[in-house]
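Quick notes on the structure that follows.
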Amino acid sequence: MILTVDIGNTHIHLGLFIRGALRKTWSLSSRPQRTSDEYSMLLRGLIGEGMPLVGAIVSSVVPSLELPVAQAIEQEYKAMPMILSEKTPIGIVNGYRHPAEVGMDRLAAVVGGYYFFGAPLLILDFGTAITLEYVAPPKTEGAMPVYMGGAILPGIEMAAQALASGTARLPQIPLTEPERVIGRTTAESIQAGLLHGYYGAIQTLVERAKEEIGQSCDVIATGGDALNLRRHLPFLHAVEPDLTLYGLRQIYGLNYNCPLPPRR
């Protein structure tokens, strides 16, 4: 059993892999004030006590959470987790101009995307922020694929919060599907502007990216909102909600000689 942990700005996602298959997933809210003892109790309640973990891997974009979560895994399951960093071999060349700037969740998603779908590939990740990533195929036989970079924009929930907090009279509203683009109430107008505006922004990002790539390229999606938005993004080839967890598992396997089984 191998535990994968993706620490994001809003949630901590966990996945338990058994014999190369993702058997169970959990989600916790990201709260920097929690101690390692508190995380240990949470892990025990979710995963169980004394589970025989072979190993664990942690990626984090919240530095203050990385240590207490890693300590909790070690004290609860006697497994020193691998911490993903820009120096970790991931089987893909990091082509970012400054490689250390890339979020570890972005790299894990790229590895997961390449494992499932190969390259060239565009990956949309719908999280606290929305990211678009591009993986280029190997230039020569035997070479590694190359992560070329991508684009980042605020997530839909973040945009809704910014609109409410940055204005005097616009409320925070639930982001339900609007019936029309021309809203007849303030709530409908905000829903229409945010959701239809984001559909257009995402489509434009993908179209411009494909123009730059200059060749046929599948587009896949992951993240919490991916399944809900799929019907509005007809260009998507596939949706894999747990892509980052698979990427973490593959990175662990590449470093400890136990990679995921090849895709058929």
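Values in this text are rule-based calculations from the coordinates and carry no lab data. Computed from a prediction, not measured in an experiment: that's the story for all the values here. In this analysis, Cβ positions are derived from the backbone assuming ideal geometry, glycine residues included, and neighbour counts consider all displayed protein chains.
Modelling each spin label as a point 7 Å along the Cα-to-Cβ direction, I'd like the Leu46/Ala201 distance in nm, to one decimal.
Here the answer is 2.9 nm between the modelled labels.
Which of the aspartates and glutamates could a cross-linker span from Lys87 if the Cα-Cα distance has to be under 16 Å and same-chain partners fewer than 8 positions apart are dropped?
Glu101, Asp105
Kirkwood-based Rg over Rh for the chain (C-alpha set), two decimals?
Value, to two decimals: 0.99.
Can you tell me the length gained on complete extension of the stretch Glu211 to Tyr96, counting 0.36 nm per residue apart and subtracting the Cα distance?
Computed gain between Glu211 and Tyr96 is 39.4 nm.
P(r) for the stretch 43-99, please, calculated from all Cα pair distances in 5 Å bins and given in %.
Each 5 Å bin holds this share of Cα pairs: 4, 16, 23, 21, 15, 11, 6, 4, 1.
Return the FRET efficiency for the residue pair Thr185, Ser27: r is the Cβ-Cβ distance, R0 is 45 Å, and the value is rounded to the nearest 0.05.
So, using R0 = 45 Å, E works out to roughly 0.90.
With charges set only on the Cβ (+1 for Lys and Arg, -1 for Asp and Glu), what does the dipole of the stretch 107-264 come to about its Cα centre, in debye to the nearest 20?
Its charge dipole is roughly 80 debye.
For the stretch 1-83, restrict the atom set to alpha-carbon positions and state the Rg and Dmax in Å.
Here Rg and the maximum Cα pair distance are 11.4, 34 Å.
Which FRET efficiency value, to the nearest 0.05, is calculated for Met144 and Thr167 with the Förster distance at 45 angstrom and r the Cβ-Cβ distance?
0.40
If I model a spin label at Ile152 and Cys258 as a point 7 Å from the Cα along the Cα→Cβ vector, what separation in nanometres do I get?
With each label placed 7 Å out from Cα toward Cβ, I get 3.3 nm.
Could you give each residue of the stretch 105-114 its phi-based ³J(HN,Hα) in whole Hz, using Karplus coefficients 6.51, -1.76, 1.60 with θ = phi - 60°, and x for Gly or Pro?
Taking θ as phi minus 60°, the curve returns 5, 5, 5, 5, 5, 5, 5, x, x, 5 Hz for the stretch 105-114.
If you count, for each residue, the other Cβ atoms within 10 Å and average over each peptide, how do 10-22, 103-115 line up from highest to lowest?
Per-residue mean Cβ counts within 10 Å order the peptides as 103-115, 10-22.
Summing +1 for each Lys or Arg and -1 for each Asp or Glu, what net charge is found among the other residues whose Cβ lies under 13 Å from the Cβ of Leu194?
With Lys, Arg at +1 and Asp, Glu at -1, the neighbours total -4.
Can you compute the helix-only [θ] at 222 nm over the chain? Use -39500 (n - 2.57) per DSSP H run of at least 4 residues, normalise by all residues, nearest 500 deg cm²/dmol.
So the calculated ellipticity at 222 nm is -11500 deg cm²/dmol.
How high is the relative contact order of the chain, in percent, counting Cα pairs under 8 Å that sit 6 or more residues apart?
Contact order relative to length: 19 percent.
Rg/Rh for the stretch 47-204: what does it come to with C-alpha atoms and Rh from Kirkwood?
Here the Rg-to-Rh quotient is 1.08.
Length gain on complete extension for the stretch Thr176 to Leu67, per 0.36 nm per residue less the alpha carbon to alpha carbon distance?
Working it through step by step, the gained length comes to 35.6 nm.
In 5 Å bins starting at 0, how do the alpha-carbon pair distances of the stretch 17-62 split up by percent?
Going from the shortest bin to the longest, the percentages are 5, 14, 25, 31, 16, 8, 1.
Set the Förster distance to 45 Å, then compute FRET efficiency between Arg19 and Leu233 from the Cβ-Cβ distance, nearest 0.05.
0.85
As a footprinting exposure proxy, order Cys258, Cys217 by other Cβ within 10 Å, with the fewest listed first.
By the 10 Å Cβ count, ascending, the order reads Cys258, Cys217.
Ranked highest first by average number of other Cβ atoms within 10 Å, how do 167-177, 125-135, 241-251 line up?
241-251, 125-135, 167-177
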